[in-house]
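Working notes, beginning with the structure itself.
The values are calculated or read from the model by the stated rules, or taken from the named source; none is laboratory data. Please read these numbers as outputs of a predicted model, since none were measured by experiment. Don't worry about glycine lacking a Cβ; one is built from the backbone with ideal geometry, like all the others, and counts go over all protein chains shown.
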Amino acid sequence: MEMDAPCSELAGSGARPILVCVTGATGYIASWLVGSLIRRGYDVHATTRDAGKASWLVSALGGYKSRVKIFEADLNKDGSFDEAVKNCQFVLHVAASMQFDISAQENIEEQVKTRILEPALRGAINVLQACARAGSVKRVVFTSSISTITGKDDAGDWRSIIDESSSESITRVWKMKPKGWVYVISKLLTEEKAFQFAKEKGIDLVSIIPPTVAGPFLTPSLPASLRVLLSPITGDPQFYPILASVNSRLGSIPLVHIEDICNAHIFLMEQAEAEGRYICSAGSCSIPELTDLLSSNYPTFSSKIFDENCCKTRYPVVSSKKLTDLGFKFKYGASDIIQQSVACSVEDGFLR
């Protein structure tokens, strides 16, 4: 899928384009974000672990490809991001491991610490150190995850409103080890460490908290978040438990369209008064509501295979009020997101 035609005014018309670094540029959100920035008139330094595998991204950008420069950078190598961040005014740190679980049978917690958590923390610090050294970076936007948020309070009761303060407990995740717990711990710790380091170094950092991101995609294969969303149709034994885990933690499946999450990244990058964390969710579905929407857009799938009484209770509201109060507006709702996700997955051949 090729990027659309220009959809907004060029940033700094008549002046030298502002330079933005996007990490993890071959991922789902980051690849779309690169295109969104370029269409707005920004120039982009895009990082990836293997520049040779980024050719599809350059092709997808079509006539805009002259505005992006690809840099090889490894989160686990000190100084790896220095060249990519050099002269950039903004850094959008999207790169992250998408490892949900670990197969180790023994010393699992120690293996998670050494194989996943320590590299993840080191990666976040490497990017921020590059920002500190560059001297040109005005703001860093850190991509967090809804996995850092819970719908239940300390007593285990449902909250009425879920907002940025509704953080998951690292201690509880370590103890309970729910599905996808490795990813949850990784995101909790890296965001916490990023804010701590940024404060120490005087770096202006805000974080954005995406829920399940869906809609069109540029990546060569279907993104993991779409596989999670479509897992009621596919019955995927790896991804459906993740969907169920999100539902059990939040009481629903919060959603955002890929275009909206990228626009929100840029919005928070540009808004000088932005600070702290921002949930970016356009709306939520219970699993029965989700399966009904899926079956209406993909008639060969029947939602009747799911218990009609499942999750019918009223669920907490996942609030993006902090973001919308700042002036952000969502373009797509849940039904649009589901419809486009199914259509793109059929077009791609993932769904028949």
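Summary table below
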| quantity | calculated |
| --- | --- |
| Of all residues making up region 159-175, the number that are touching a residue at least 60 places away in the same chain (Cβ under 8 Å) and over 16 Å from Ser245 (Cβ atoms) | 5 |
| Unmet criterion (only one of (1) in a helix (DSSP H, G or I); (2) acidic (Asp, Glu); (3) at pLDDT 95 or above) for Glu273 | (1) |
| All positions within region 112-158 that are free of Cβ contacts under 8 Å to residues at least 40 places away in the same chain and farther than 17 Å from Asn76 by Cβ | Gly135, Asp153, Asp154, Ala155, Gly156, Asp157 |
| In region 147-191, the residues that are hydrophobic (A, V, I, L, M, F, W, C) and either closer than 16 Å to Leu117 by Cβ or in contact with a Lys or Arg (Cβ under 9 Å, 6 or more places away or on another chain) (or both) | Ile149, Trp158, Ile161, Ile170, Val173, Trp174, Trp181, Val182, Val184, Ile185, Leu188, Leu189 |
| Residue within region 88-101 that is assigned to a loop (DSSP other than H, G, I, E, B), at pLDDT 90 or above and more than 25 Å from Val318 (Cα to Cα) present | yes |
| Selection status of Ser165, more than 28 Å from Phe267 (Cβ to Cβ) and out of contact with any helix residue (DSSP H, G or I) (no Cβ under 8 Å at 6 or more places or on another chain) | no |
| Wholly within region 176-269, helices (runs of 4 or more DSSP H) carrying at least 3 residues that are free of Cβ contacts under 8 Å to residues at least 60 places away in the same chain and within 17 Å of Pro288 (Cα to Cα) | none |
| Residues located in region 144-187, provided they are hydroxyl-bearing (Ser, Thr, Tyr) and over 19 Å from Arg277 (Cα atoms) | Ser160, Thr171 |
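Residues checked against (1) among the charged types (D, E, K, R); (2) over 14 Å from the mean Cα position of the chain (by Cα); (3) surrounded by 23 or more Cβ atoms within 10 Å (Cβ to Cβ); (4) at pLDDT 95 or above:
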| residue | (1), (2), (3), (4) |
| --- | --- |
| Ser147 | no, no, yes, no |
| Val173 | no, yes, no, no |
| Lys179 | yes, yes, no, no |
| Ser186 | no, no, yes, no |
| Ile208 | no, no, yes, yes |
| Pro211 | no, no, yes, yes |
| Ala214 | no, no, yes, yes |
